[in-house]
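Enquirer: Quick one: structure below, then a few questions.
The values are calculated or read from the model by the stated rules, or taken from the named source; none is laboratory data. Small disclaimer: the values here were computed from a predicted structure and weren't measured. Using ideal geometry, Cβ is built from the backbone for each residue, glycine included, and neighbour counts are taken over all protein chains shown. With ligands, DNA and RNA removed, areas are computed over all heavy atoms of the protein, side chains included. Shrake-Rupley method; radii C 1.70, N 1.55, O 1.52, S 1.80 Å.
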Amino acid sequence: MADTLPAAVGKPERFRCPQCSAGMEFDPETGSLKCRFCGSVQALPESNAPAAHPFNEAQAHLFIPISDNAMEVRCGGCGSVVAFEPPTIAGSCSFCGAAIVAAPKAADPLIAPDAVLPFKVAKSAAQTEVTQWLASRWFAPSALKKMAQDEGIGGVYLPFWTHDAATRSSYTGERGEHYMKTEDYTETDHNGNTVQRSRQVQHTRWHSASGQVSRSFNNVLIAATKSVKEERLNALDPWDLGALCQYEPAYLAGFKAQRYQVGLLQGFEKAKQIMAVTIQEDVRADIGGDEQRVDQLHTEYSDVMFRHLLLPVWIGAYRFQSKVYQVTVNARTGEVQGERPYSAAKIALLVALIILVIVIINLLGRQ
Ligand SMILES: [Zn+2]
Ligand SMILES: [Zn+2]
């Protein structure tokens, strides 16, 4: 029977194995802390994701380091900042592959994470996914194969915001209603005679419209990282946000967490753009008719709430001909997303083979 992590453990012993006092790490397969040496397991306290914070609380008491012992380092290559728990080391940058040369320092305060999706896909399983992904990429250079090896990918929590808001929008616009009209026209028939014909033509009659729509938004998810391209991040969806747990520094043991690069206010501006798409649809539905024009739209936001989330990926970066390529695995689903260069040598080899085959066929044909 696994012990539960004591609530208040002395600072340096926080993730020490109670059996052998080696460092423990979060184990994706059991969802617990596990000793790398003796295999003893410590369960984490059961927790549901906490409620969101009112927006105006962000300035006050939420600014704390990600954990008491966390160290933090900035990559000189891409500027990303990651935090980790000793004895984990910075190594090379997960996002750009550059060696980290800066010395780690104690982590700076930030709007602390509220909730986390723990790692569920173990590293070995992620490596298998990457190997399969690579096998289906024909012209990938051999250098890429190291992505499936031990130091190729590392576990990183990426920062996200979720926003909730109640919106009330007033609009003015126009409702277009279609009607058919018979129109006469002339045509030249196949004998060269001009003939009178008629046809039905669709027209639109416009009526002015105005009104109000309201909607509540929950958990609008905004990436707070700029280190992974937006389309790659979107392609890692879906995230099972229903399984979020309350953040606890133990989830960081053995992993890194990226510091947000998109601030809370900037994140809310992006959330508004996402909400605006739905609000437009609501307004068009409210206007009704066959076509709609929206001339003016004003939205007021109330009960704005937020949460800072950490979502888990296995990620590695490699440099090929001075460009950086990333491979990312959703550590909840195993979904692989990545980009890879084409190996000029491999393509040249294939082209040479095709030419050779053509030459041989020609030679055989002449005999
Ligand atoms: Zn142990
Ligand atoms: Zn970097």
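Enquirer: Looking at this structure, is F37 surrounded by 16 or more Cβ atoms within 10 Å (Cβ to Cβ), modelled with pLDDT of 75 or more and aromatic (F, W, Y)? Steps first, please.
Expert: Details: surrounded by 16 or more Cβ atoms within 10 Å (Cβ to Cβ): no; modelled with pLDDT of 75 or more: yes; aromatic (F, W, Y): yes.
So F37 does not fit the description; no.
Enquirer: Still on this model: Does A166 qualify as being within 30 Å of D303 (Cβ to Cβ) and either surrounded by fewer than 16 Cβ atoms within 10 Å (Cβ to Cβ) or among the β-branched types (V, I, T) (or both)?
Expert: Numbers: within 30 Å of D303 (Cβ to Cβ): yes; either surrounded by fewer than 16 Cβ atoms within 10 Å (Cβ to Cβ) or among the β-branched types (V, I, T) (or both): yes.
Taking the combined requirement at face value, the residue satisfies it.
Enquirer: Can I ask one more? Starting from residues that are assigned to a helix (DSSP H, G or I) and out of contact with any strand residue (DSSP E or B) (no Cβ under 6 Å at 6 or more places or on another chain), keep the ones in the stretch 218-240 and report whichever is least open to solvent (accessible area, probe 1.4 Å). Full working, then the answer.
Expert: We begin by selecting, within the stretch 218-240, every residue assigned to a helix (DSSP H, G or I); these are 230-235.
Then drop every residue that is not out of contact with any strand residue (DSSP E or B) (no Cβ under 6 Å at 6 or more places or on another chain), which leaves 230-231, 234.
On the way: E230: 114, E231: 118, N234: 93 Å².
Taking the candidates together, the pick is N234.
Enquirer: Go through (1) within 16 Å of ligand 2 (Cβ to nearest atom); (2) surrounded by fewer than 16 Cβ atoms within 10 Å (Cβ to Cβ) and name the single condition A112 misses.
Expert: (1)
Enquirer: Then there is this: Can I100 be described as buried (at least 21 other Cβ atoms within 10 Å of the Cβ) and either of a type in the set (V, I, T) or at positive phi (or both)?
Expert: The answer is no for I100.
Enquirer: So which residues in the stretch 288-317 are more than 22 Å from L221 (Cβ to Cβ) and surrounded by 22 or more Cβ atoms within 10 Å (Cβ to Cβ)? I'd like the intermediate steps shown before the answer.
Expert: The initial filter retains those residues of the stretch 288-317 that are more than 22 Å from L221 (Cβ to Cβ), namely 288-298, 300, 316-317.
Within the stretch 288-317, G316, A317 qualify.
Enquirer: Yes or no: the stretch 278-289 includes at least one residue that is modelled with pLDDT of 95 or more, in contact with a helix residue (DSSP H, G or I) (Cβ under 9 Å, 6 or more places away or on another chain) and either farther than 30 Å from G31 by Cβ or not aliphatic (A, V, I, L, M) (or both). It would help to see each step written out before you state the result.
Expert: Start the filter on the stretch 278-289 by keeping residues that are modelled with pLDDT of 95 or more, which leaves 278-289.
Cutting the leftovers down to in contact with a helix residue (DSSP H, G or I) (Cβ under 9 Å, 6 or more places away or on another chain) gives us none.
No, every residue in the stretch 278-289 fails to be modelled with pLDDT of 95 or more, in contact with a helix residue (DSSP H, G or I) (Cβ under 9 Å, 6 or more places away or on another chain) and either farther than 30 Å from G31 by Cβ or not aliphatic (A, V, I, L, M) (or both).
Enquirer: Which of the residues spanning the stretch 204-217 are open to solvent by less than 40 Å² (accessible area, probe 1.4 Å) and out of contact with any Gly (no Cβ under 7 Å at 6 or more places or on another chain)?
Expert: First, the residues of the stretch 204-217 that are open to solvent by less than 40 Å² (accessible area, probe 1.4 Å): 209, 211, 213, 217.
Answer for the stretch 204-217, where residues must be open to solvent by less than 40 Å² (accessible area, probe 1.4 Å) and out of contact with any Gly (no Cβ under 7 Å at 6 or more places or on another chain): G211, V213, F217.
Enquirer: Same structure again: Output the residues belonging to the stretch 178-214 that are in contact with a strand residue (DSSP E or B) (Cβ under 9 Å, 6 or more places away or on another chain) and not in a strand (DSSP E or B).
Expert: Within the stretch 178-214, the first condition is being in contact with a strand residue (DSSP E or B) (Cβ under 9 Å, 6 or more places away or on another chain), and the residues that meet it are 178-189, 194-214.
Result: D189, single match.
Enquirer: Which residue out of A243, A257, A345 is in contact with a strand residue (DSSP E or B) (Cβ under 8 Å, 6 or more places away or on another chain) and touching a residue at least 12 places away in the same chain (Cβ under 8 Å)?
Expert: On the way: A243 fails: in contact with a strand residue (DSSP E or B) (Cβ under 8 Å, 6 or more places away or on another chain); A345 fails: in contact with a strand residue (DSSP E or B) (Cβ under 8 Å, 6 or more places away or on another chain).
So the residue among A243, A257, A345 that is in contact with a strand residue (DSSP E or B) (Cβ under 8 Å, 6 or more places away or on another chain) and touching a residue at least 12 places away in the same chain (Cβ under 8 Å) is A257.
Enquirer: Can you go through E187, E177, E183 and tell me which one is in contact with an Asp or Glu (Cβ under 8 Å, 6 or more places away or on another chain) and either at negative phi or within 16 Å of ligand 1 (Cβ to nearest atom) (or both)? Lay out the reasoning, then the answer.
Expert: On the way: E187 fails: in contact with an Asp or Glu (Cβ under 8 Å, 6 or more places away or on another chain); E183 fails: in contact with an Asp or Glu (Cβ under 8 Å, 6 or more places away or on another chain).
None of the other options fit; the residue is E177.
Enquirer: Working only within the stretch 251-273, note down all residues that are farther than 21 Å from D108 by Cβ and either touching a His at 6+ places or on another chain (Cβ under 7 Å) or open to solvent by less than 80 Å² (accessible area, probe 1.4 Å) (or both).
Expert: First, the residues of the stretch 251-273 that are farther than 21 Å from D108 by Cβ: 254, 268-273.
Within the stretch 251-273, G254, F268, K270, A271, K272 qualify.
Enquirer: Show the residue pairs meeting these rules: Cβ distance below 9 Å; 6+ apart or different chains; first residue within the stretch 16-36 and under 11 Å from F119 (Cβ atoms); second residue open to solvent by 80 Å² or more (accessible area, probe 1.4 Å) and away from ligand 2 (no atom under 16 Å from the Cβ).
Expert: Hits for this filter: E25/R36; P28/K120; E29/K120; G31/K120.
Enquirer: For the stretch 187-203, indicate whether the set of residues that are more than 16 Å from L309 (Cβ to Cβ) and in contact with a Gly (Cβ under 9 Å, 6 or more places away or on another chain) is non-empty. Steps first, please.
Expert: Residues of the stretch 187-203 more than 16 Å from L309 (Cβ to Cβ): 187-203.
Applying the additional criterion that residues be in contact with a Gly (Cβ under 9 Å, 6 or more places away or on another chain) yields none.
No, that holds for no residue.
Enquirer: Output the residues belonging to the stretch 98-125 that are within 18 Å of L252 (Cβ to Cβ), assigned to a strand (DSSP E or B) and over 19 Å from the mean Cα position of the chain (by Cα). Give the steps one after another, and end with the answer.
Expert: Step one: list which residues in the stretch 98-125 are within 18 Å of L252 (Cβ to Cβ), which gives 100, 104-123.
This time we only want the ones that are assigned to a strand (DSSP E or B), so: 105-106, 110-111, 115-116.
Once the filter is applied, which keeps residues that are within 18 Å of L252 (Cβ to Cβ), assigned to a strand (DSSP E or B) and over 19 Å from the mean Cα position of the chain (by Cα), the stretch 98-125 yields K105, A106, L110, I111.
Enquirer: Considering only the stretch 80-97, state which residues are open to solvent by 20 Å² or more (accessible area, probe 1.4 Å) and assigned to a loop (DSSP other than H, G, I, E, B).
Expert: P86, P87, T88, I89, G91, G97
Enquirer: Continuing with the same structure: So which pairs qualify, if the first residue must be in the stretch 83-96 and under 17 Å from R16 (Cβ atoms) and within 15 Å of ligand 2 (Cβ to nearest atom), the second must be among the basic types (K, R) and not in a loop (DSSP other than H, G, I, E, B), the Cβ gap must be under 7 Å, and the two must be at least 6 apart or on different chains?
Expert: Every condition considered, the pairs that remain are F84/K256.
Enquirer: From E46, E57, E72, grab the single residue that is open to solvent by 30 Å² or more (accessible area, probe 1.4 Å), closer than 19 Å to P159 by Cβ, out of contact with any Phe, Trp or Tyr (no Cβ under 6 Å at 6 or more places or on another chain) and away from ligand 1 (no atom under 16 Å from the Cβ). Give the steps one after another, and end with the answer.
Expert: On the way: E46 fails: closer than 19 Å to P159 by Cβ; E72 fails: open to solvent by 30 Å² or more (accessible area, probe 1.4 Å).
When all the criteria are applied, what remains is E57.
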